[in-house]
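Enquirer: Quick one: the structure is below, questions incoming.
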Amino acid sequence: MSIASDKDLKLIEREGIAALVELSEIAGDYQQANTLLKQYMTVKDTLLNRENAKTMLELDTKYQTAQKEK
């Protein structure tokens with residue numbers, strides 16, 4: 001997963017980790033599945049935070065533009 005992380009391909013990293021979680025559960029390695037699940041949640045939160053920041057920036061830009069037009 002380090003290659004995906006280094007290239008900032010968080011979506012691919014998230015999906016890869018999800019697949020590994022599933023494989024670990026199938027293999028009965030629940031400790032490993034739990035560890036991977038924590039990684040999955042961290043990557044998922046990172047993606048969500050980035051999306052939220054992008055949305056906030058867009059909304060702020062629209063608001064600032066609207067204020068200047070008044």
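Enquirer: Residues of the range 40-65 being within 19 Å of ASP8 (Cα to Cα) and open to solvent by 90 Å² or more (accessible area, probe 1.4 Å), which ones?
Expert: Restricting attention to the range 40-65, the residues satisfying the condition of being within 19 Å of ASP8 (Cα to Cα) are 40-54.
Once the filter is applied, which keeps residues that are within 19 Å of ASP8 (Cα to Cα) and open to solvent by 90 Å² or more (accessible area, probe 1.4 Å), the range 40-65 yields LEU48, ASN49, ARG50, GLU51, LYS54.
Enquirer: LYS10: open to solvent by 100 Å² or more (accessible area, probe 1.4 Å) and of a type in the set (D, E, K, R), yes or no? Quick ask: steps written out before the conclusion?
Expert: Working: open to solvent by 100 Å² or more (accessible area, probe 1.4 Å): no; of a type in the set (D, E, K, R): yes.
In short, no.
Enquirer: Which one of these does GLY28 not meet: (1) more than 19 Å from ASP8 (Cα to Cα); (2) surrounded by 10 or more Cβ atoms within 10 Å (Cβ to Cβ)?
Expert: The failed condition is (2).
Every residue, every condition in (1) at negative phi; (2) touching a strand residue (DSSP E or B) at 6+ places or on another chain (Cβ under 9 Å); (3) modelled with pLDDT of 95 or more; (4) part of a helix (DSSP H, G or I), yes or no:
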position: GLY28; (1), (2), (3), (4): no, no, yes, no
position: GLN32; (1), (2), (3), (4): yes, no, yes, yes
position: THR46; (1), (2), (3), (4): yes, no, no, yes
position: THR61; (1), (2), (3), (4): yes, no, yes, yes
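The values are calculated or read from the model by the stated rules, or taken from the named source; none is laboratory data. What you see is a predicted model; the values in this text were computed from it and never measured. Note that each Cβ is placed from the backbone with ideal geometry, even for glycine, and that neighbours are counted across all protein chains shown. Areas reflect the complete protein model, heavy atoms only, side chains present, ligands, DNA and RNA absent. Shrake-Rupley method; radii C 1.70, N 1.55, O 1.52, S 1.80 Å.
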